[in-house]
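Enquirer: Input: one structure, supplied below.
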Amino acid sequence: MRFLKGNINRKIKLLFGFLVLSISLTFLVNCKSNKVDGVEEKNRVDTGSAKDTSNKNKTESKDSLKDLSDVFKLHYDATVIDTHNDFLYQTFKRGADLGKRESGIQSGLPRFKDGGVDMQVFAVWIPGSEEKHAYAFAIEQTERLKKFEKEYSDIFEIAYYYEDAISVLNKKKFCGMMGIEDGAAVLNDIENVDKLYNAGIRYIGLTWNKSNRIGTSARDESEGRKNAGLTDFGRKVVKRMDEIGMLVDVSHSGEKTFWDVVENTKGPFIASHSNCYALNPHFRNLKDDQIKAIAERGGVIMINFLDDFINEGGKNTRVASYYSKYKSEIDKMYSENNGDMVAFNMKRYQFMKDNPIKGGTSLDDMIDHIDHIKALVGVDYIGLGSDFDGGIIPPNELYDATCYPVISARLFERGYTGEEIRKILGLNFLRVLKQVCSKN
């Protein structure tokens, strides 16, 4: 009897030990699952596949949005990324300083901070005056950004890979990355693709408005001047980009060039700053079958803020910018809130609703393009590529880079969930960056 009793006691102790071990392991697994790739909120990054919904219930419970205050808090907690900005051209043209809030400039580090922007892909655009030595000019522009990195090293750092971007975001620094706008920078030397990659370039927009050695542009194809698509050299370029982990950007590419890219690449590709042809038949916008092709590859279409790409004839209805009209009121709201950006945005957004500008292009007009892509292929393939500081006239409510929170607010009012807003703000692009531009 004593033997049986001792045996039972040992079994109970053993079972209890297994129970404690099981609880401990569950606790450790749950702790680990609260971090994704080492990024904690504010910059929690879901880097799974575009169709992965395993974390949906967790995200939805965290981002249960009740009002605009919740939305603005989400915005400043989210990872906000813009994939196309021409600030470097303003540095070349007028000596603009990335670290200062300069008049006549739409972005820069102070405005990015106020707008909750965490990461910007700076475009190296090749102006016509520099076309003959486009490669050398592109390298000079990358050096300009690296100079800013040294000057503002306490708050700004350049990323060269996905892992770098995550590291920079974890440090709470502003993250920069570089892309080329116009493959003319490659000249006629395939080795320049690798050299540009080594200089930090992580996407190449194959053409600008003018066709080049790589392929035909959307403008030239639409006007019937050229319709050749990718050249033999262009095919070599996109294949090499695929091999080394450089994103192919089809914004500005003609339709024939676009479909040649589909045929000659394997991985995801992007449109760094493009809108929807179905809503505005501008040669720079993407047709529905092109949007579907990008989504099928797991790429992203980043919405451009230029009024003429948003609305048909948008440039013909332009009005004075919202800030120029209400500068004193907005500046007063900003100063009164002592750095509380949620409070400031609550007041500014309500002021905008109470004092709408007549005429011009509205934020709603731009959100229509996001709605269209969502209806066509889903929310996983949408991002933001403003084209700020590229000479654009944006929607009335998006007068500069401080206004990104307004986009989140309007998406919420259109019925977008917290998870969907986070994806559009940056997670969709990070997913593609991880797949194409990782160290391994």
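Nothing in this text is a laboratory measurement; each read-out follows from the coordinates by a stated rule. The structure presented is a predicted model; accordingly, all values stated were derived computationally and were not measured. So basically every Cβ, Gly included, is an ideal-geometry build from the backbone, and we count neighbours across all protein chains shown.
Matching residues to (1) in a loop (DSSP other than H, G, I, E, B); (2) crowded, with 17+ Cβ neighbours inside 10 Å:
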| site | (1), (2) |
| --- | --- |
| Phe351 | no, no |
| His369 | no, yes |
| Pro395 | yes, yes |
| Ala409 | no, yes |
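Enquirer: Here is a follow-up. Quick check: anything in the range 422-434 closer than 20 Å to Lys347 by Cβ, small (Gly, Ala, Ser) and in a helix (DSSP H, G or I)?
Expert: No, there is no match, as no residue in the range 422-434 is closer than 20 Å to Lys347 by Cβ, small (Gly, Ala, Ser) and in a helix (DSSP H, G or I).
Enquirer: Right, next: Given the structure, is Lys132 out of contact with any His (no Cβ under 7 Å at 6 or more places or on another chain), exposed (fewer than 15 other Cβ atoms within 10 Å of the Cβ), free of Cβ contacts under 8 Å to residues at least 24 places away in the same chain and closer than 30 Å to Leu427 by Cβ?
Expert: no
Enquirer: Moving on to the next point. It is to be established whether one or more residues within the range 132-153 are within 20 Å of Glu397 (Cα to Cα) and in a helix (DSSP H, G or I).
Expert: Scanning the range 132-153, I find no residue that is within 20 Å of Glu397 (Cα to Cα) and in a helix (DSSP H, G or I), so the answer is no.
Enquirer: Could you look through the range 281-303, keep only residues that are touching a residue at least 60 places away in the same chain (Cβ under 8 Å) and in a loop (DSSP other than H, G, I, E, B), and pick out the one that is farthest from Lys434 (Cα to Cα)?
Expert: Only one residue tops the list, namely Phe283.
Enquirer: Looking at this structure, is Ser274 farther than 28 Å from Phe156 by Cα, in contact (Cβ under 8 Å) with a residue 60 or more places away in the chain and of a type in the set (S, T, N, Q)?
Expert: For Ser274, the condition - farther than 28 Å from Phe156 by Cα, in contact (Cβ under 8 Å) with a residue 60 or more places away in the chain and of a type in the set (S, T, N, Q) - is not met.
Enquirer: Can you report the number of residues in the range 233-268 which are of a type in the set (A, V, I, L, M) and part of a loop (DSSP other than H, G, I, E, B)?
Expert: Selection size over the range 233-268: 2.
Enquirer: Taking the range 269-319 on its own, how many of its residues are small (Gly, Ala, Ser) and either closer than 18 Å to Leu206 by Cα or buried (at least 24 other Cβ atoms within 10 Å of the Cβ) (or both)?
Expert: Of the residues in that region, 5 qualify.
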